[in-house]
Amino acid sequence: MDRKILEVKNLTMKFGNFTAVNSISFSASRGEVFGIVGPNGAGKTTTIKILTTLLPPTAGSASIADMDVVKYSSKVRRMIGYVPQLLSADGNLTGYENLLIFAKLYDIPSKELKGRIEESLHFMGLSNSADKLVKSYSGGMIRRLEIAQAVLHKPVLLFLDEPTVGLDPVARESVWEYVRSLARNGTTVIMTTHYMEEADAMCGRVAIMNRGNIAASGSPVELKASIGEPEASLNKVFEFYAGNKLESEDKNGNFKDVARTRRVARRLG
Ligand SMILES: Nc1ncnc2c1ncn2[C@@H]1O[C@H](COP(=O)(O)OP(=O)(O)OP(=O)(O)O)[C@@H](O)[C@H]1O
Ligand SMILES: [Mg+2]
């Protein structure tokens, strides 16, 4: 691995007396897919919000390409892409129009706009659907569009908060394939998931998070070996370290389903 793109040290987030993220540390290198897994309320989204500069931490630090996310927040924002847990595409616009909004948000020069949007539609396998309304897209297409939105400005680091929640296995596989190709091209991906099989299939390294703590981290192979069961599923590893089971859900996803699932996935307290 070459040098670190992301370095997180003793990162802590408290909401009043409640510690949502408890002094966690980890790092990620160029082109790595790093997974944060854990049950509802583990602190995954809170961690992502700090790393994407949206939430100032209570203590500890995080830096992206050696720039502190608090001190250099505007520079950091230009280097990252973020696909939030909740829906970020507008169903009443076409795929192309959604991308146009993000291209403007990212200040992409007007003479490059069309080319950049077409390139990213092509990369995410959406060229033929560019002029259709997003509310007619399947869940997998929506997620791919949201990823296309988030990588228009060619970020070095991409954050995906539960990229496949509510998707059927085929749609999930297609999102994985596109995320893998981004990583092959050098983008570092930090993703959260509830699905252990997803972490196993996608991530070079995984941090198991529970109640604000990282209970264990390492490659899936290392994690399995660490419980003395190299053939174990990652689910079993999770149960070992976090002491509870994860629910698995498989739903077909159109726009309405995805919007609903993600609303349900949102936890406020
Ligand atoms: N703004 C806030 N104020 C108070 N508590 C919060 C706030 N944001 C998050 N929390 C709490 O912090 C904890 C961690 O929440 P977070 O959203 O990071 O979990 P998560 O791992 O992303 O869960 P999920 O899998 O449901 O998305 C939860 O108990 C949540 O209720
Ligand atoms: Mg979350």
**OP:** Please go through the range 169-196 and pick out each residue that is at pLDDT 90 or above, closer than 24 Å to Val156 by Cβ, among the hydrophobic types (A, V, I, L, M, F, W, C) and in a helix (DSSP H, G or I).
**Re:** Trp176, Val179, Leu182, Ala183
**OP:** Could you grab me the full set of residues in the range 10-33 that are surrounded by fewer than 21 Cβ atoms within 10 Å (Cβ to Cβ) and in contact with a Phe, Trp or Tyr (Cβ under 9 Å, 6 or more places away or on another chain)?
**Re:** Phe26, Ser27
Subject >> Residue ID - farthest from Val165 (Cα to Cα), chosen from residues in the range 133-154 that are in contact with a Ser or Thr (Cβ under 9 Å, 6 or more places away or on another chain) and among the hydroxyl-bearing types (Ser, Thr, Tyr) >> reply: Ser136
**OP:** Within the range 214-269, track down each residue that is modelled with pLDDT under 60, closer than 25 Å to Thr12 by Cβ and in a helix (DSSP H, G or I).
**Re:** Ala265
Subject >> So Ser88, is it touching a residue at least 60 places away in the same chain (Cβ under 8 Å) and among the polar types (S, T, N, Q) >> reply: yes
**OP:** Could you tell me whether Lys49 is without any contact (Cβ under 8 Å) to a residue 40 or more places away in the chain and either surrounded by 23 or more Cβ atoms within 10 Å (Cβ to Cβ) or closer than 19 Å to Thr193 by Cβ (or both)?
**Re:** yes
Subject >> Residue in the range 131-140 that is polar (S, T, N, Q), part of a helix (DSSP H, G or I) and out of contact with any helix residue (DSSP H, G or I) (no Cβ under 6 Å at 6 or more places or on another chain) present >> reply: yes
Original post:
Among the numbered criteria (1) crowded, with 20+ Cβ neighbours inside 10 Å; (2) of a type in the set (D, E, K, R); (3) in contact (Cβ under 8 Å) with a residue 40 or more places away in the chain, which single criterion is violated by Arg180?
Top reply: (1)
Original post:
Where residues in the range 12-63 are away from ligand 2 (no atom under 13 Å from the Cβ) and of a type in the set (Lys, Arg), which of them is farthest from the chain's Cα centre (by Cα)?
Top reply: Lys14
Original post:
What is the one condition in (1) in contact with a strand residue (DSSP E or B) (Cβ under 8 Å, 6 or more places away or on another chain); (2) surrounded by fewer than 20 Cβ atoms within 10 Å (Cβ to Cβ) that Pro163 does not satisfy?
Top reply: (2)
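The values are calculated or read from the model by the stated rules, or taken from the named source; none is laboratory data. Please read these numbers as outputs of a predicted model, since none were measured by experiment. We place every Cβ from the backbone using ideal geometry, glycine too, and count neighbours over all the protein chains shown.
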